[in-house]
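Heads up, the thing below is written out as structure tokens.
The values are calculated or read from the model by the stated rules, or taken from the named source; none is laboratory data. Here the structure is a predicted model, which means the values were calculated and not measured. Please note: Cβ atoms are built from the backbone with ideal geometry, for glycine as well, and neighbour counts cover all protein chains shown.
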């Protein structure tokens, strides 16, 4: 699917989706060094998806861990409710490091295409990402910081 259309969609649809503006993203100062190291190691192993993460890291604003509003940004450990363009009902997942990704479908690795697309976004943001050669778009509905759940 491409922007909700099959991969074989007419070129006009592909061009329209290709101009989807990328949202600004922010990474916490605590996540940044480990994300950068993870992306570089994955790229050295030949992980094609690692290039997407490297590009996202390069365009991100790095914010202090005590920055106001950081709780509303998708960071590692956040719970995110999102929609995609391909008709799946909204879903809630936790963004985790690859080693914390188990067979629990509610956990998604930051190295996955969707995980990389989610990192650094805020409520209302839309972000394109590719899976199996087809472009998808994810839209953020809500973000719950990891420490917000720990206090319950």
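A few notes on this one:
- For residue 28, the conditions (1) under 20 Å from residue 144 (Cβ atoms); (2) more than 12 Å from the chain's Cα centre (by Cα); (3) surrounded by fewer than 18 Cβ atoms within 10 Å (Cβ to Cβ) are fulfilled apart from (3).
- Sole residue being at pLDDT below 95, touching a helix residue (DSSP H, G or I) at 6+ places or on another chain (Cβ under 8 Å) and farther than 20 Å from residue 141 by Cα, chosen from 51, 1: 51
- The residues on offer are 63, 88, 93, and the sole one that is farther than 17 Å from residue 39 by Cβ, modelled with pLDDT of 95 or more and out of contact with any helix residue (DSSP H, G or I) (no Cβ under 7 Å at 6 or more places or on another chain) is 93.
- Residue 70 vs. criteria touching a residue at least 12 places away in the same chain (Cβ under 8 Å) and surrounded by 18 or more Cβ atoms within 10 Å (Cβ to Cβ): no
- Of all the criteria given as (1) loosely packed, with under 15 Cβ neighbours inside 10 Å; (2) assigned to a loop (DSSP other than H, G, I, E, B), the one not satisfied by residue 99 is (2).
- Test result for residue 44, in contact (Cβ under 8 Å) with a residue 24 or more places away in the chain and exposed (fewer than 14 other Cβ atoms within 10 Å of the Cβ): no
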